[in-house]
1. Sort out which residues of the range 18-27 are assigned to a helix (DSSP H, G or I) and free of Cβ contacts under 8 Å to residues at least 24 places away in the same chain, and write them in order of number.
2. Can LEU14 be described as touching a Lys or Arg at 6+ places or on another chain (Cβ under 8 Å), assigned to a helix (DSSP H, G or I), assigned by TED's automatic domain parsing to the domain that holds VAL111 and of a type outside the set (Phe, Trp, Tyr)?
3. Can you tell which of ALA97, ALA89, ALA108 is among the aliphatic types (A, V, I, L, M) and over 30 Å from THR139 (Cβ atoms)?
4. Can we say VAL79 is under 11 Å from the mean Cα position of the chain (by Cα) and either outside the structural domain of SER176 (by TED's automatic domain parsing) or not in a helix (DSSP H, G or I) (or both)?
5. With the condition being closer than 15 Å to ALA122 by Cβ, I'd like the helices (runs of 4 or more DSSP H) fully within the range 132-213 carrying at least 1 qualifying residues.
6. Return the only residue of VAL30, VAL114, VAL124, VAL52 being in a strand (DSSP E or B) and under 17 Å from SER176 (Cα atoms).
7. Only one of these is outside the structural domain of ASP179 (by TED's automatic domain parsing) and farther than 21 Å from LEU169 by Cα: HIS109, HIS115. Name it.
8. Step by step: first the residues of the range 34-49, then only those that are modelled with pLDDT of 95 or more and assigned to a loop (DSSP other than H, G, I, E, B), then the one that is farthest from ALA15 (Cα to Cα). Which residue is that?
Amino acid sequence: MIDVVVVDDHPAILAGIQAWFAAADPPIHVVAAGADLSVAWTGPGRHARIVVLDLQLTAGNPAYADLGRLVDAGRQVIVYSMRDDAATALACLDLGAFTYLNKAEGHAHLVAAVHAADADRAYVSPSLAGAMGVDQRPTRPRLAPREVDVLLEWFKCESKELVASKLGLSPRTVASYLDRVRIKYANTGRPAPTKATLVARAIQDGLIRLDEL
């Protein structure tokens with residue numbers, strides 16, 4: 001059973017997501033759901049590693065700050081939003097979201113994204129792939145602060161388990177952060193499939209100096 005918490009302010013969408021997850025194989029258990037972020041921080045929801053988050057919980061700006069706090073806490077955040085612009089999807093990825101889905105993409109992509117998050121496998125939805133395809137930003141990827149922390153610690157440690165111990169994370173979460181860093185580099189046309197290549201990229205981008213290794 002995969003435990004998730006769902007944060008969305010539309011009752012019909014909450015009900016639909018719960019029905020989709022109950023029918024999934026393997027099943028996905030919604031341990032908490034509601035219109036307020038408190039469901040992800042209190043009660044049974046605080047133990048769910050995977051969070052399905054509606055980015056527009058209130059009128060006004062998207063909940064980027066809330067997304068950042070969840071990511072910094074080591075949560076796997078799947079942003080599930082009505083917004084379909086590339087800038088929003090890329091901003092969420094830069095903040096460390098596990099993936100970004102537009103609500104028009106339907107239940108199959110959302111269920112697949114949760115299964116991927118549970119297995120620490122990257123998942124690129126059609127909307128996110130489209131956003132990446134039109135990304136005209138400089139070739140240096142924008143890494144979330146926690147991604148940088150994990151990356152630099154990994155350069156200094158012999159294993160992901162040691163990184164996890166030092167940063168208070170699980171080895172699976174460490175692996176997930178490193179996978180996201182690799183995806184971001186690949187999407188800028190600078191793939192980094194090995195640890196040595198990632199070190200070279202980090203030195204090129206000024207994230208670390210040779211004498212720090």
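The values are calculated or read from the model by the stated rules, or taken from the named source; none is laboratory data. Small disclaimer: the values here were computed from a predicted structure and weren't measured. Cβ coordinates were reconstructed from backbone atoms using ideal geometry, including for glycine residues, and neighbour counts include every protein chain displayed.
1. Answer for the range 18-27, where residues must be assigned to a helix (DSSP H, G or I) and free of Cβ contacts under 8 Å to residues at least 24 places away in the same chain: GLN18, ALA19, ALA22.
2. no
3. ALA108
4. yes
5. 145-156, 171-187
6. Answer to the selection: VAL52.
7. The match here is HIS109.
8. This residue is THR42.
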